[in-house]
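Throughout, read-outs are computed from the coordinates displayed, never taken from laboratory work. Every value quoted in this text rests on a predicted model; they were computed, and no experiment measured them. As a convention, Cβ positions derive from the backbone with ideal geometry for all residues, glycine included, and neighbour counts pool all protein chains shown.
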Amino acid sequence: MYTQNELVAQPRYFWRRFFALIIDALLFQIAIFILVLVVNPIVPFELRATFPIGHTQCANVIENQTLSEIADLTDPDRSAHRKYVICEHSFFGLNPARNILVRTETRAPGSNFSQYKQLNVPLTSNGKLDHAHSALDYVNLFLPLIMALFIFKYAATPGKLLLGLRVISDQRNVPFLRCMLREYLKVLPLLPLMLATAGLSLYFSNLELKQALITTVSLLSSPIYVIVLPALSIGLVIVWYVWPLLKWRNQMPYDRITNFYVIKKISASKQPITELVE
């Protein structure tokens, strides 16, 4: 049995938890990919999801009317040099996803510096603009709920089960709402972006949304979201994920708030923390 001090002083299991997160994400994407294949024929709108593992093949293409319209979003006065690359990603040919990458290069007169803009737009199988919505834009909001169900029933997510980790608490029967609170707190830094993406996807097609982002206020010759969102995300990740791992052993902020511990699997796998502590 562990004493309370021994429990708190366990290794952080950083790499195990990190790879467990990757496994969970891959399994989730595979499940969504299969679900989209089943649901698409029976719903009144089109969803899109790509398999996380597969083969991607790209090639340069010449300009046509569709590609020119896409490039006009970043270069409306048609003064820039344009390059088009089309890529296809598939898993053994199953539900292939095609994207067109448009890159424009503009250089002001007398300047030695070029300004680049890049736009990645999905295409349908016949080469038209794809206005389908990404399934992950919506389903991502339910991922914490699914993970909470696993913790409630198995005391671990699928990735943690595979890597021999368990999520335990100080109660024999942990309420499901507390498991759900832990999982939504886990993605707290990403939740505003997930909500915004899902909300915008309800009203804008992918291309319209990209156009709105491209024409937004610029900072350092780039759309402001390109600079602000990554910087904000990195800061939140450091505060919410990295710094706590350096300061607290085997407890993240969401673990401390909901009073959970992540430990290495032991033989008494069904024992609550009260029976593991002398």
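Packing here is the average count of other Cβ atoms within 10 Å per residue, and on that basis the peptides 149-155, 78-84, highest first, run 149-155, 78-84. Spin-label model, Phe18 to Lys83: label points 7 Å out along the Cα-to-beta-carbon direction sit 3.2 nm apart.
For Val38, Val262, the sequence from fewest to most other C-beta atoms within 10 Å is Val38, Val262.
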